[in-house]
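Below is one structure, written out as structure tokens; the observations come after it.
Where a number appears in this text, it was derived from the coordinates with a stated rule and is not lab data. Please read these numbers as outputs of a predicted model, since none were measured by experiment. Here Cβ is always computed from backbone atoms with ideal geometry, including for glycine, and neighbour counts include all displayed protein chains.
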């Protein structure tokens with residue numbers, strides 16, 4: 001048997017095993033397919049504790065409802081004996097009401113549900129249509145949203161002096177409210193007070209933003225809920241919505257979400273309300289118990305259910321916290337990213353810092369964000385290259401010179417993070433997110449290339465590496481790809497097959513086709 005026959009048989013055998021395994025799993029899970037595509041899943045429990053008073057005692061709280069970006073399932077209520085639970089519609093909101101006739105008794109309430117959420121981003125046009133009469137009540141002033149106050153009017157008019165369209169006006173008032181220093185103020189803060197004290201929490205910033213929007217003729221309202229995190233918390237959150245062309249568009253001026261709502265925002269009510277109301281003067285305590293669940297976006301079943309339905313998956317490792325999801329994703333993405341980089345090197349013709357280093361750099365950018373991370377990474381690597389040149393004139397050996405350069409790079413990282421913390425320049429603190437070992441290896445590769453090929457050629461290799469990093473970054477950002485790989489680890493066998501096929505490629509690289517196009521054209525003629 002010659003090598004070509006052995007090569008074909010090997011590929012067919014691996015492909016057959018992978019396809020059969022994936023097909024059997026696919027037939028098993030197809031009844032669990034879901035078209036909601038949740039990005040985040042949490043189990044939430046309202047936990048209320050109180051002592052009843054004389055007469056009737058009540059506790060009211062807003063309950064979540066389904067909409068196009070959140071789905072609520074598995075609702076359950078457990079409480080002390082003698083509690084009556086009711087659901088009541090309150091305008092467009094849903095309220096849970098717990099009642100007790102028993103006097104001077106300690107009671108507990110556990111109301112739990114599962115939240116599946118998607119992020120929401122809305123593209124805003126430059127100019128808006130005039131709002132219809134049905135939104136008039138969202139233009140009126142209220143006790144805490146004093147949109148007709150002279151101070152609010154003065155600020156609103158001054159902010160939009162140079163605005164050319166509606167979108168710019170909204171952006172200007174949004175930036176103004178965002179720049180107001182944030183403070184953990186737990187008391188109710190109205191819009192005018194925020195202007196006067198120049199500091200606010202989410203409720204004050206949202207009321208001021210709504211007041212400014214209403215003053216300028218844009219229907220606006222408060223929206224309330226909870227930012228879901230893997231912790232037990234007592235704090236709720238509010239943001240604002242502006243009605244633009246008959247669509248309510250979210251704005252969170254505290255966390256700088258412009259026309260965007262993250263996937264972990266639980267929506268509970270609309271209007272300037274309180275999440276919890278209760279009988280006055282009773283002993284009362286509460287907490288929100290929040291637990292994040294790993295999920296597969298295209299499946300209704302939970303990760304634990306899928307692990308039971310389909311035994312040969314990696315989901316159980318994440319569910320039982322044997323390995324973190326991010327660490328497992330890096331492990332799975334290394335061969336996929338390596339194949340991508342190998343393609344860019346062997347077929348496209350890019351020069352990169354190794355095969356797997358671009359994947360590791362891309363993984364680091366997941367923490368900093370793409371633009372900020374790329375700029376900081378380029379700065380640090382070029383800093384090492386530039387700072388090493390003066391030391392060359394001192395006649396130092398390469399290795400000690402590299403140690404000096406890397407030491408100075410670490411000092412710059414520490415100083416940048418310190419300055420960012422003190423001056424509240426958050427992007428500077430992103431220096432610390434880069435794993436030092438990845439930066440060190442990259443800086444060492446860059447310094448070695450400078451020594452061997454010169455600074456210009458080394459810089460060219462650096463920027464070609466960044467092209468590969470960009471491809472890897474957007475591949476790593478795909479939740480679908482990571483979910484499919486965890487569900488079907490056999491997919492890595494396909495990577496093996498593609499790598500084998502790539503290993504047989506002996507054609508010209510694409511960059512060579514461009515470089516030698518004049519010769520190739522002459523040869524064709």
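The separation of region 204-271 from region 164-184, counted between C-alpha centres, amounts to 13 Å. Between the helical axis of 455-476 and the longest alpha-carbon principal axis of the chain there is an angle of about 50 degrees.
Give me the distance between the Cα centres of region 458-520 and region 1-60, rounded to whole Å. Value for the Cα centre distance between the two parts: 27 Å.
What list do you get for 46, 111 if you sort them by fewest beta carbons within 10 Å?
Working: 46 22, 111 19.
Ascending Cβ contact count within 10 Å gives the list 111, 46.
Computed from Cα positions, the angle between helix 357-368 and the longest principal axis of the chain comes to roughly 20 degrees.
How long are the three semi-axes of the equivalent ellipsoid for region 120-262, computed from the Cα gyration tensor as the root of 5 times each eigenvalue, in whole Å, largest first?
Semi-axis lengths for region 120-262 are 23, 18, 14 Å.
Relative to the longest principal axis of the Cα atoms of the chain, helix 370-392 runs at roughly 50 degrees. Working from Cα pairs under 8 Å separated by at least six residues, relative contact order for the chain is 16 percent. Full extension of the chain between residue 136 and residue 68 yields a length gain of 22.0 nm, computed as 0.36 nm times the residue separation minus the alpha carbon distance. Exposure proxy for 478, 518: other Cβ atoms within 10 Å of each Cβ, ordered fewest to most, give 518, 478. Extension gain, residue 245 to residue 496: 0.36 nm times the residue separation minus the Cα-Cα distance gives 85.2 nm. Sketch the reach of a paramagnetic label on residue 515 as a point 7 Å from Cα along Cα-to-Cβ, and name the residues of region 343-363 whose backbone nitrogen lies under 11 Å away. Inside the label zone: 349-351. Label-to-label distance for residue 383 and residue 456 is 2.7 nm, based on points extended 7 Å past Cα in the beta-carbon direction.
All Cα-Cα separations within the chain were binned at 20 Å from zero, giving a P(r) of 17, 40, 34, 9, 1, 0, each value a whole percent of the pairs. Placing a label point 7 Å from the Cα of residue 102 along the Cα-to-Cβ line, the residues of region 42-76 whose backbone N sits under 13 Å from it are 50-53, 57.
For the chain, the mean residue ellipticity at 222 nm estimated from helices alone is -14500 deg cm²/dmol, where every DSSP H run of n ≥ 4 contributes -39500 (n - 2.57) and the total is divided by all residues, rounded to the nearest 500.
A crude spin-label estimate for the pair residue 24 and residue 151, with each label 7 Å from Cα along the Cβ direction, gives 7.1 nm. Fewest neighbouring Cβ atoms within 10 Å first, the residues 450, 441 line up as 441, 450.
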